[in-house]
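The values are calculated or read from the model by the stated rules, or taken from the named source; none is laboratory data. Predicted model, so just to flag it, every value in this text is computed and none were measured. Here the Cβ positions follow ideal geometry from the backbone for every residue, glycine too, while neighbour counts run over all protein chains shown. What goes into the accessible areas is simple: the full protein's heavy atoms, side chains included, and nothing from ligands, DNA or RNA. Shrake-Rupley method; radii C 1.70, N 1.55, O 1.52, S 1.80 Å.
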Amino acid sequence: MAPVKVFGPAMSTNVARVTLFLEEVGAEYEVVNIDFNTMEHKSPEHLARNPFGQIPAFQDGDLLLWESRAISKYVLRKYKTDGVDLLREGNLEEAAMVDVWTEVEAHTYNPALSPIVYQCLINPMMRGIPTDEKVVAESLEKLKKVLEVYEARLSKHSYLAGDFASFADLNHFPYTFYFMATPHAALFDSYPHVKAWWERLMARPAVKKIAATMVPPKA
């Protein structure tokens with residue numbers, strides 16, 4: 001059986017999300033780079049894979065998917081084993097909590113944290129755009145409020161959905177990894193349960209492997 005293909009740069013947060021879950025389940029896969037400098041993501045060939053001209057795109061035989069969280073759920077369902085059950089769909093309550101914290105990551109955590117990554121790393125180092133310190137300051141205030149909620153939750157459970165690592169936790173990896181390369185990484189020190197949770201995630205073999213492919217630009 002041919003390996004599945006993930007289209008996009010390995011260092012992209014959304015590509016890394018997909019490859020992380022492929023590593024977690026031990027699937028064979030190939031990362032096919034897409035060159036943004038030549039606008040390859042807007043080429044007819046890539047638009048056939050992802051009609052929005054974004055990354056990643058994903059191919060499994062004749063099946064084409066896009067949107068990294070949807071792709072990742074497909075991967076976890078296809079390759080689910082007793083040892084790798086990150087969606088917890090066999091338990092209604094556990095699955096519901098995974099869904100809750102997955103939504104929190106997408107709609108609350110990431111919108112607070114990702115602007116800091118863009119302003120401190122991506123814009124100045126990759127686009128030549130100066131850091132907007134006002135955006136950073138506003139985002140840090142938002143992130144602190146989010147981390148207060150996380151600290152309370154993680155003071156009662158080892159992971160967000162309960163005392164088990166799940167899809168919800170690992171979705172936090174790509175952007176948080178880059179956040180830790182910004183000058184504001186020490187913020188996590190103020191939230192000891194959040195920091196311990198992050199260290200548990202970073203200790204996972206699959207996370208270590210994908211982290212090695214995501215060399216962040218230096219702040």
(message) Tell me the net charge near Val207. Cut-off is 14 Å between Cβ atoms, Val207 excluded, with +1 for each Lys or Arg and -1 for each Asp or Glu.
(response) +1
(message) Please list, by residue number, every one of the chymotrypsin sites (Phe, Trp or Tyr not before Pro) in segment 5-71 that is coil in DSSP and has at most 15 other beta-carbon atoms within 10 Å.
(response) Phe36, Phe52
(message) Only Cα pairs within less than 10 Å get springs; with that Gaussian network setup on the chain, which residue of Leu92, Leu170, Leu187 has the largest fluctuation?
(response) Leu92
(message) Can you tally the net charge around Asn33? Count Lys and Arg as +1, Asp and Glu as -1, for every other residue whose Cβ sits under 12 Å from the Cβ of Asn33.
(response) -2
(message) Rg over Rh of segment 92-210, using C-alpha atoms and the Kirkwood radius, what does it come to?
(response) 0.98
(message) Multiplying the sequence separation of Lys42 and Ser158 by 0.36 nm and subtracting their Cα-Cα distance, what value in nm do you get?
(response) 37.6 nm
(request) Project the alpha carbons of the chain onto their principal axes and report the range along each, largest first, in whole Å. (result) 47, 47, 26
(request) Please tell me the relative contact order of segment 1-87 in percent, rounded to the nearest whole number, where contacts are Cα pairs under 8 Å and at least six residues apart. (result) 33 percent
(message) Tell me the accessible surface of Asp132 in square angstrom (1.4 angstrom probe, heavy atoms of protein chains only), to the nearest ten.
(response) 70 Å²
(request) Please give the FRET efficiency for Glu28 paired with Leu140, using the beta carbon to beta carbon distance and R0 = 35 Å, rounded to the nearest 0.05. (result) 0.30
(request) Of all alpha-carbon pairs in segment 4-79, indicate the percentage at a distance above 19 angstrom. (result) 25 percent
(message) Suppose we flag trypsin sites (Lys or Arg not before Pro) only when DSSP calls them loop and at most 11 other Cβ atoms lie within 10 Å. Which is the longest uninterrupted stretch of the chain?
(response) 1-155
(message) Can you give the FRET efficiency to the nearest 0.05 for Glu151 and Ala203, using r as the Cβ-Cβ distance and R₀ = 22 Å?
(response) 0.65
(message) Just to be sure I understand: with springs between alpha-carbon atoms less than 10 Å apart, which residue in Ala137, Ala16, Ala181 has the highest mean-square fluctuation in the Gaussian network model of the chain?
(response) Ala137
(request) Could you pull the Cα extents of segment 73-138 along its three principal axes, largest to smallest, in whole Å? (result) 48, 22, 15
